[in-house]
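These notes concern the structure reproduced below.
The values are calculated or read from the model by the stated rules, or taken from the named source; none is laboratory data. Please read all numbers here as calculations on a predicted model, not as lab measurements. Here the Cβ positions follow ideal geometry from the backbone for every residue, glycine too, while neighbour counts run over all protein chains shown.
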Amino acid sequence: MRTFAGRKSLMSRIVKASLAIFTIFCIFMLFHLYDVRTIFFENAKSSLERHLNSAEATLNKDMLRMKVVSAECNEKVLNKKSNVSINMVLEEETKDNPGYNFYYLDNEGTIYTPTITTVDSGLYQMVEESYRYRYFTEYFCSYRVHEYTDSTEVRMLGVRRNVKEDKTNEYLLVDFPMQEVFEEEVFYEMTEIASCCIIDKEGHIVVCDDAFVRNIGDYTSFFDAIEAHADYSNEVKRKTTEMRKSLASAQEESFVLSLSGDSDCFVAYRQIRATDDLYLVSCFDDEVLDSMVHSVMIRTFFGGMILFAVIVFVFFGTWRRDVEISSLVEKLAYEDNVTGGKNLNYFKDVAPEIISESREHRFCIYRFDILKFRYINEAYGHIKADRVLVACIEEFNRIYGAKEICVRIHSDQFLALVSNDDTVDMRYHEYLKAVDSRARDFGVKYPIRFRVGVYKLRKEDTDIDIMIDHANVARKSLSGEEKELQAVYSDKILLGMRKVNEIESVMQQALVQGEFIIYLQPKWSISENRIIGAEALARWKRKDGSMIFPSEFIPVFEKNGFIEKLDMYMFEKLCMQMREFEREGIYNSIRVSINQSRILILNPDYAKNIEKMIQRYEVPVENIEIEITETVFLDEKEQVIEIVNRLKEVGVHLAMDDFGSGYSSLNILKDVPFDVLKIDREFFSETNTSLTSVLILEKIIEMARAMGISVVCEGVETAEQVDILRDIGCDFVQGYFYGRPMPIEEFYEKYLRNEE
Ligand code: C2E
Ligand code: MG
Ligand code: MG
């Protein structure tokens, strides 16, 4: 089965578009993933530097505050009234500055806290020593409390030295917890990716946040930490040396270090401005970005999957819709809604494929219609008539094979491709019988007969339209009157069709130019051996002198309706001729008959027109005889009987022509007042003078006589035929034995001159 090219191209367009979108997306995603790490690293660097600046500013503020707090407290201790103890000053300060611890050490080793006064010269010694060796900056130092208290808390210590008159020193110590610094909001975002610590000029880690310990380790020296993680290389050495230098000269910088493994570490540091020697350092290695990169990758991947799912969804939606539309279009394009079978489009698409697939196989095309389908339609109704059409398709599909197809073209016109094998005729008859029997089953009693044009395919045939045309030409060559309603296409048939076309193209002009003329053939009385009448027969005499006989043009005119015009024309010419004869006084005893076609007779004005014509030419009505063939009574019998009766009233003679040629029925003689019965020449031909036909003829003549109808035997060619007819009591004859049809002048010379 052929599929629609349109559907294929639409599908491939959809597939191509979907793949293109998806490919673009994948390429975009790859680039995106390649870049994302770098972009993240750069973003993280700049964001870290930004955060570091703010963190340092915050830290700076805290330090400055501590400076102020320690200065104020020292001032208060030095200037206290004598009745106020140091403890009381410190207590007050503690209250005013939550989080701060205040201690005072005098030169005797006494330690004052807000609550107690103890003596521990050890601490005093330590502070003195530290101060001397510049462990402290001017005001600050940091200390790990665990060294002192066995705790991990790291506190920042501010120291104020008061030099006494005896040159001994006293110290005010102020501290606050460093860890809290890193919990401030400003550090929050920074510590999401980075680790922070505060180092001094030598790189000693004063304090670090939890992340630092977790990610880098618990180091006392920042440089030790870096060297432990970085690739051992000159590059690292150079950078750490540079950093040492810049710490010493209080410069701020940032740099990237390659770490062992495949990652980079970004280090940035800022001097805490409130101090001389403390730096806030923040660093991260790009591995911490991996989780972010991964989450982006996962999001991108899922985005891609969603996009892919959307494409797949759209693709399948479109595909399904496309299939639906295609099958609908296919249905509309290929199906016949009356029979439920296929139509001409289907035949034209599929038949050539079947033919080309089986080249060595012989096929033929049937182009057929149902005889008298109009009658079936009117007599049995549309529903039953349609069921006949359905039966034509169904029975075909039942009897013929899979590679044989039958379609309805329109109305009762069918087309079939069948295998032209030895069983072709047998199968055709089986098919015809099957359809007829199906029709009978649902009440269509009128026999189903097909008029079939057959075209036997030749090897060189390629154009299906031409093949169908040939089969149709063969079909059209059948008038429907034939016994065998099957015609096989041949060149002769084509020539015949061409001739028909030629006739049709010139007939009108020929009529106007008087090319149709009357020939007269005598009717003879055997007993009296004299002429008793004549039959007017049409001849078409072309300008070039050639003659065309009625057998060629009458059937064509009967089909196309032109016969109506010709018959009226011939009737008028005959009336004119009869008038002529009478005017010259040469003729008053013979009656001339003329053939009138069925289609003309069925015209409701026919009798009136005949009457008018007879009156116009003042022809004695009893000298005119109208010949009607018996087949006229097949259809519309009642209507024809009524018309014939009206003709009778006009006064013309009536003859039934060609009796015995077809569906003869003596019943008609009972219903119609015929004057003459013309026995067809086939009934009494040379080859058909058997005893039975002679006996039948004798009975017919006898009966007609009894009814007052005279009998004329046509086609009498031999003396033997004359003898037989004489014996069985037939007196009137017409035939070549007595005279052929001849031009009027010749007829006049031969038969009428003596009458004058
Ligand atoms: P038809 O009316 O039966 O005319 C008799 C036909 O038999 C004529 O053929 C005539 O030439 C032929 N015929 C007569 N005697 C013999 C014979 O002994 N042997 C043979 N073999 N044939 C004989 P024609 O003139 O060719 O006409 C053929 C048919 O054409 C007529 O048959 C008639 O049905 C029809 N026809 C002729 N002229 C007209 C016309 O003007 N109008 C109509 N509607 N039909 C016409
Ligand atoms: Mg006739
Ligand atoms: Mg006849």
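Among the numbered conditions (1) surrounded by fewer than 19 Cβ atoms within 10 Å (Cβ to Cβ); (2) away from ligand 1 (no atom under 15 Å from the Cβ); (3) without any contact (Cβ under 8 Å) to a residue 40 or more places away in the chain; (4) of a type outside the set (K, R), the only one that S525 does not meet is (3). With respect to being within 16 Å of ligand 3 (Cβ to nearest atom), assigned to a helix (DSSP H, G or I), out of contact with any strand residue (DSSP E or B) (no Cβ under 8 Å at 6 or more places or on another chain) and of a type in the set (A, V, I, L, M, F, W, C), I554 falls outside the description. Residues that are small (G, A, S) and buried (at least 18 other Cβ atoms within 10 Å of the Cβ) occur at least once in the range 436-444. Scanning the range 246-284 for residues that are charged (D, E, K, R) and under 29 Å from M66 (Cβ atoms) yields E252, E253, R270, R273, D276, D277.
For the range 97-128, the set of residues classified as aromatic (F, W, Y) and within 21 Å of E72 (Cα to Cα) consists of Y100, F102, Y103, Y104, Y112, listed by residue number. Pairing residues of the range 35-53 that are farther than 18 Å from S263 by Cβ with residues that are outside any helix (DSSP H, G or I), at Cβ distances under 7 Å and at least 6 apart in sequence or on separate chains, gives E49/S254; E49/A268; H51/E189; L52/A268; L52/R270; L52/L280; L52/S282; N53/R270. Selection of the range 26-46 for residues being out of contact with any Phe, Trp or Tyr (no Cβ under 9 Å at 6 or more places or on another chain), closer than 22 Å to S195 by Cβ and crowded, with 16+ Cβ neighbours inside 10 Å yields R37, F40.
Results for (1) among the basic types (K, R); (2) out of contact with any strand residue (DSSP E or B) (no Cβ under 6 Å at 6 or more places or on another chain); (3) surrounded by 22 or more Cβ atoms within 10 Å (Cβ to Cβ); (4) modelled with pLDDT under 85, shown as yes or no for each residue.
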residue: K167; (1), (2), (3), (4): yes, yes, no, no
residue: E185; (1), (2), (3), (4): no, yes, no, yes
residue: I199; (1), (2), (3), (4): no, no, yes, no
residue: F223; (1), (2), (3), (4): no, yes, no, no
residue: H229; (1), (2), (3), (4): no, no, no, yes
residue: N234; (1), (2), (3), (4): no, yes, no, yes
residue: K239; (1), (2), (3), (4): yes, no, no, yes
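Would you call K541 more than 12 Å from ligand 1 (Cβ to nearest atom) and either at pLDDT 95 or above or over 30 Å from C730 (Cβ atoms) (or both)? Against the criterion (more than 12 Å from ligand 1 (Cβ to nearest atom) and either at pLDDT 95 or above or over 30 Å from C730 (Cβ atoms) (or both)), K541 qualifies.
In the range 532-539, the condition of being touching an Asp or Glu at 6+ places or on another chain (Cβ under 8 Å), within 16 Å of L520 (Cα to Cα) and crowded, with 18+ Cβ neighbours inside 10 Å is met by at least one residue. Quick check on E636: is it more than 16 Å from ligand 3 (Cβ to nearest atom), under 60 Å from the mean Cα position of the chain (by Cα), of a type in the set (D, E, K, R) and within 20 Å of N603 (Cα to Cα)? Yes, satisfied. Cβ-Cβ distances below 8 Å connect no pair with a first residue in the range 578-599 that is farther than 16 Å from I744 by Cα and at pLDDT below 85, a second residue that is within 16 Å of ligand 3 (Cβ to nearest atom) and assigned to a strand (DSSP E or B), and a separation of six or more residues or different chains.
At least 2 residues being of a type in the set (S, T, Y) and modelled with pLDDT under 90 is the threshold, and among the helices (runs of 4 or more DSSP H) wholly inside the range 663-756 those reaching it are 691-706.
Quick test for you: out of N595, N645, pick the one residue that is within 16 Å of ligand 1 (Cβ to nearest atom), surrounded by 14 or more Cβ atoms within 10 Å (Cβ to Cβ) and not β-branched (V, I, T).
So the residue among N595, N645 that is within 16 Å of ligand 1 (Cβ to nearest atom), surrounded by 14 or more Cβ atoms within 10 Å (Cβ to Cβ) and not β-branched (V, I, T) is N595.
Among all positions in the range 373-382, there is no residue which is at pLDDT below 95, basic (K, R), surrounded by fewer than 20 Cβ atoms within 10 Å (Cβ to Cβ) and part of a loop (DSSP other than H, G, I, E, B).
Of everything in the range 279-324 that is modelled with pLDDT of 80 or more and in contact with an Asp or Glu (Cβ under 9 Å, 6 or more places away or on another chain), the residue that is surrounded by the most Cβ atoms within 10 Å (Cβ to Cβ) is S282. If S246 meets every condition in (1) polar (S, T, N, Q); (2) in a helix (DSSP H, G or I); (3) touching a residue at least 40 places away in the same chain (Cβ under 8 Å) apart from one, which number is that one? Status for S246: all satisfied but (3).
Scoring D422 on the criteria (1) closer than 25 Å to E360 by Cα; (2) surrounded by fewer than 21 Cβ atoms within 10 Å (Cβ to Cβ); (3) within 36 Å of the chain's Cα centre (by Cα) leaves a single failure, condition (3). For the range 10-31, the tally of residues that are among the polar types (S, T, N, Q) and modelled with pLDDT under 80 stands at 2. Taken over the range 326-348, the criterion of being outside any loop (DSSP other than H, G, I, E, B) and touching a residue at least 60 places away in the same chain (Cβ under 8 Å) is satisfied by S326, V329, E330, K342, L344, Y346, F347, K348. Tally the residues that are in contact with a strand residue (DSSP E or B) (Cβ under 7 Å, 6 or more places away or on another chain) and within 16 Å of ligand 3 (Cβ to nearest atom), restricting the search to the range 639-667. Final tally of qualifying residues: 8.
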